[in-house]
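Presented below is the structure to which this report refers.
Values in this text are rule-based calculations from the coordinates and carry no lab data. Note that the coordinates shown come from a computational prediction; the quantities given were computed from them, not determined experimentally. As a convention, Cβ positions derive from the backbone with ideal geometry for all residues, glycine included, and neighbour counts pool all protein chains shown.
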Amino acid sequence: MSKGAVAVVTGAAGFIGSHMVDLLIDRGYEVRGIDNFVGGRPENLAHHQGNEAFSFAESDVRTLAADSPIFDGAQWVFHFAGKGDIVPSIEQPTDYMDTNVMGTVRVLEAARRAGAQKLVYAASSSCYGLATELPTTEAAPIDTQYPYALSKYQGEQAVFHWGQVYGLPVNTVRIFNAYGTRSRTTGAYGAVFGVFLAQKLAGKPFTVVGDGTQTRDFIYVTDVARAFLAAAETDQVNEWYNIGGGNPQSVNRLVELIGG
């Protein structure tokens, strides 16, 4: 990587986005972050304050202009911005489609106009529904069971469409259960790690659904960031990659590790 190469990170103040910013700055990139602070937190980026290699714009991808100067000269664009969680998506489907589909289209247009060398999209393993193929490969059937899953999958389809029609180099990474520092601990319907962490911090008992023997594939957040950088740096384009730890753990084991 040549020093001074520019990378744009949407959702930069979020759980995974902020770790992406850390990795890119560590690798010598000039990083430009975008976030509207709906899901992200300013404290996730506070340690970069005053760093000349990092600039930030408080902005919503739903209103992003195609000629946004944030994207000027960008080599890589990492698109993490979006609305998460399944249950709220059932209650607010329009918001999810607006942010996760049309917000993605606006990011694609900005990246295309800027002549970005690669856009990497944060897709979701929720596109597989309750997968019957374990471990789940990239060839597993798509089964979007909730508006959240549908919106993330349609955002991913838009990414590949821009790759096909406009020649924008793209890859997508379907994230399984990410955990680690800065994990979101607000909201009742987040990923199990964040929910348990919030309950631990509040001194409350853990909410275990069923007998707790169900398993999830967990991957540490800095490994997710490294996977996204690899998806940008590879010569491969128009590919989707599943990213997980490959070592599923039971919910009961998670309770044991967090200490409940």
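Summary of values
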| quantity | calculated |
| --- | --- |
| Relative pair counts by distance (%), Cα atoms of the chain, 5 Å bins | 1, 6, 13, 18, 20, 18, 12, 7, 4, 1, 0 |
| Under-5 Å amide H pairs with Lys83, H placed in peptide plane, nonlocal only | Asn100 |
| The range 60-186 pair-distance distribution - Cα-Cα, 10 Å bins, rounded % | 13, 41, 34, 11, 0 |
| Per-residue [θ]222 nm for the chain (sum of -39500 (n - 2.57) over DSSP H runs n ≥ 4, rounded to 500) | -10000 deg cm²/dmol |
| Full-extension gain in nm, Val209 to Glu58, via 0.36 nm per residue minus C-alpha separation | 50.6 nm |
| DSSP beta bridges in the chain [antiparallel fraction, %, rounded to 5] | 5 percent |
| Under 5 Å, built H, 5+ apart or other chain: amide partners of Arg174 | Ala123, Tyr241, Asn242, Ile243 |
| Charge sum, other residues only, whose C-beta stays under 9 Å from Phe54's C-beta, Lys/Arg counted +1 and Asp/Glu -1 | -1 |
| Relative contact order [Cα under 8 Å, 6+ residues apart], the range 6-73, whole percent | 35 percent |
| Members of Lys152/Lys200; Lys83/Lys118; Lys152/Lys204 lying beyond 28 Å, as alpha-carbon distances in this model show | Lys152/Lys200; Lys152/Lys204 |
| Table column - 3J(HN,Hα) (Hz), the range 171-178, Karplus curve with 6.51, -1.76, 1.60, x for Gly and Pro | 9, 10, 10, 8, 8, 8, 8, 7 |
| Kirkwood-type radius of the range 111-179, with distances r between different C-alpha atoms, in Å | 12.9 Å |
